[in-house]
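Engineer: Pasting a structure below so you can have a look.
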């Protein structure tokens, strides 16, 4: 099945990335400022972008190594059944984040948009940790003038 | 076969994007400043990053609609046999660029790196056209501290 993959190296410990992926405070600093519900396996995280947005269920947590979410709910439609994972791997003075948004039913313009947009948000994660300030929604980098 | 896809909307005409994808001057403003050989179908474009880098053969040109390249030469190894395409689609006041780097033999950390890096360079293309200045190599955004 089609998948989106990305990889960024962040000058920090795996634990700093893990915290940014598993807490409301951490997630709100790089994806969307309106994030609630992060927690243990089974938690439903609600990511909101101007009122609406996706829910993800925390499916697997391996501290400082792996975070895996299963999409939950009905929107956006093409995300139903998809999964998101973040694998963390320390190498020298940086931690690599290998990202995957997998199990798409088909490729599409929307999937291509999401691929670029995930890159934007992973760069926001890198900036949030390395520079103390990311670019989460609503201050995110736009890639479409209709956004 | 695995592929990388992206999509960005640029506030310009399809012709402005087409020129940025089919001329040495245009390509040097967003991917690498050291670009030579762009031209008609059959041309070999040499993209150099500090002395080394990939060659691509221009495989198909549909003015203001499509640019397709076939990888040429031996480096980087995982790119052998791959293709890159840019589909242009005008929608309102912007032109969407749908990018694909296809025919990878397998997914890998390197492919994930390239996926994120292509997003960085497509944002550079967008900035070059909309703001008059992109971030081509050697002024590109780094996503790995070993770059």
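Engineer: Taking region B:11-35 on its own, how many of its residues are out of contact with any strand residue (DSSP E or B) (no Cβ under 7 Å at 6 or more places or on another chain), surrounded by fewer than 20 Cβ atoms within 10 Å (Cβ to Cβ) and closer than 15 Å to residue B:126 by Cβ?
Structural biologist: Total meeting the criteria: 2.
Engineer: On the given criteria, is residue A:146 part of a loop (DSSP other than H, G, I, E, B), within 10 Å of chain B (Cβ to nearest Cβ) and either in contact with a helix residue (DSSP H, G or I) (Cβ under 9 Å, 6 or more places away or on another chain) or over 19 Å from residue A:44 (Cα atoms) (or both)? Write out each step before concluding.
Structural biologist: Numbers: part of a loop (DSSP other than H, G, I, E, B): yes; within 10 Å of chain B (Cβ to nearest Cβ): yes; either in contact with a helix residue (DSSP H, G or I) (Cβ under 9 Å, 6 or more places away or on another chain) or over 19 Å from residue A:44 (Cα atoms) (or both): yes.
The answer is yes for residue A:146.
Engineer: Just give me the residues in region B:98-113 being more than 11 Å from the chain's Cα centre (by Cα) and either crowded, with 21+ Cβ neighbours inside 10 Å or part of a helix (DSSP H, G or I) (or both), in sequence order.
Structural biologist: Across region B:98-113, the qualifying residues are B:109, B:110, B:111, B:112, B:113.
Engineer: When region A:47-64 is examined, which residues are found to be farther than 16 Å from residue A:80 by Cβ and part of a strand (DSSP E or B)?
Structural biologist: In the first step, residues of region A:47-64 are kept if they are farther than 16 Å from residue A:80 by Cβ; the result is A:48-51, A:58, A:60-64.
Those that are farther than 16 Å from residue A:80 by Cβ and part of a strand (DSSP E or B): A:48, A:49, A:58, A:60, A:61, A:62.
Engineer: Let me ask another. What is the one condition in (1) assigned to a loop (DSSP other than H, G, I, E, B); (2) surrounded by 21 or more Cβ atoms within 10 Å (Cβ to Cβ); (3) in contact with a strand residue (DSSP E or B) (Cβ under 7 Å, 6 or more places away or on another chain) that residue A:95 does not satisfy?
Structural biologist: (1)
Engineer: On to the next question. Residue check: is residue B:13 under 11 Å from the mean Cα position of the chain (by Cα) and touching a residue at least 12 places away in the same chain (Cβ under 8 Å)?
Structural biologist: Against the criterion (under 11 Å from the mean Cα position of the chain (by Cα) and touching a residue at least 12 places away in the same chain (Cβ under 8 Å)), residue B:13 does not qualify.
Engineer: Could you pull out the residue among A:50, A:92 that is within 12 Å of chain B (Cβ to nearest Cβ) and at positive phi?
Structural biologist: Numbers: A:50 fails: within 12 Å of chain B (Cβ to nearest Cβ).
It is A:92.
Engineer: Which pairs have Cβ atoms under 7 Å, sit 6 or more apart or on different chains, and link a residue in region A:51-62 that is over 17 Å from residue A:41 (Cα atoms) to one that is surrounded by fewer than 17 Cβ atoms within 10 Å (Cβ to Cβ)?
Structural biologist: Within 7 Å, the pairs are A:52/A:75; A:54/A:73; A:54/A:75; A:54/A:76.
Engineer: Now for a different question. Can you work out which of the residues in region A:128-143 that are within 11 Å of another protein chain (Cβ to nearest Cβ) and free of Cβ contacts under 8 Å to residues at least 40 places away in the same chain is surrounded by the most Cβ atoms within 10 Å (Cβ to Cβ)?
Structural biologist: Among those residues, the one meeting the criterion is A:143.
Engineer: When you scan region A:101-117, how many residues do you find that are within 22 Å of residue A:49 (Cα to Cα) and more than 8 Å from chain B (Cβ to nearest Cβ)?
Structural biologist: Looking only at that region, the number is 7.
Engineer: Something else: If you scan region B:33-43, which residues turn out to be over 14 Å from residue B:69 (Cβ atoms) and part of a strand (DSSP E or B)?
Structural biologist: Correct list: B:34, B:36.
Engineer: So, one more: Being under 12 Å from the mean Cα position of the chain (by Cα), more than 16 Å from residue A:114 (Cβ to Cβ) and part of a strand (DSSP E or B): is that true of residue A:67 here?
Structural biologist: Yes; evaluated as a whole, the condition is true for this residue.
Engineer: Let me ask something else. Which one of these does residue A:71 not meet: (1) in contact with a helix residue (DSSP H, G or I) (Cβ under 6 Å, 6 or more places away or on another chain); (2) farther than 20 Å from residue A:137 by Cα?
Structural biologist: In the conditions (1) in contact with a helix residue (DSSP H, G or I) (Cβ under 6 Å, 6 or more places away or on another chain); (2) farther than 20 Å from residue A:137 by Cα, residue A:71 misses (2) alone.
Engineer: Please find, among B:128, B:119, the residue that is in contact with a helix residue (DSSP H, G or I) (Cβ under 6 Å, 6 or more places away or on another chain) and either part of a loop (DSSP other than H, G, I, E, B) or under 19 Å from residue B:26 (Cα atoms) (or both). Outline the logic, then answer.
Structural biologist: On the way: B:128 fails: in contact with a helix residue (DSSP H, G or I) (Cβ under 6 Å, 6 or more places away or on another chain).
After applying the criteria, what remains is B:119.
Quick note: the coordinates plus some simple rules give every number you see, no bench work behind them. Small disclaimer: the values here were computed from a predicted structure and weren't measured. Cβ coordinates were reconstructed from backbone atoms using ideal geometry, including for glycine residues, and neighbour counts include every protein chain displayed.
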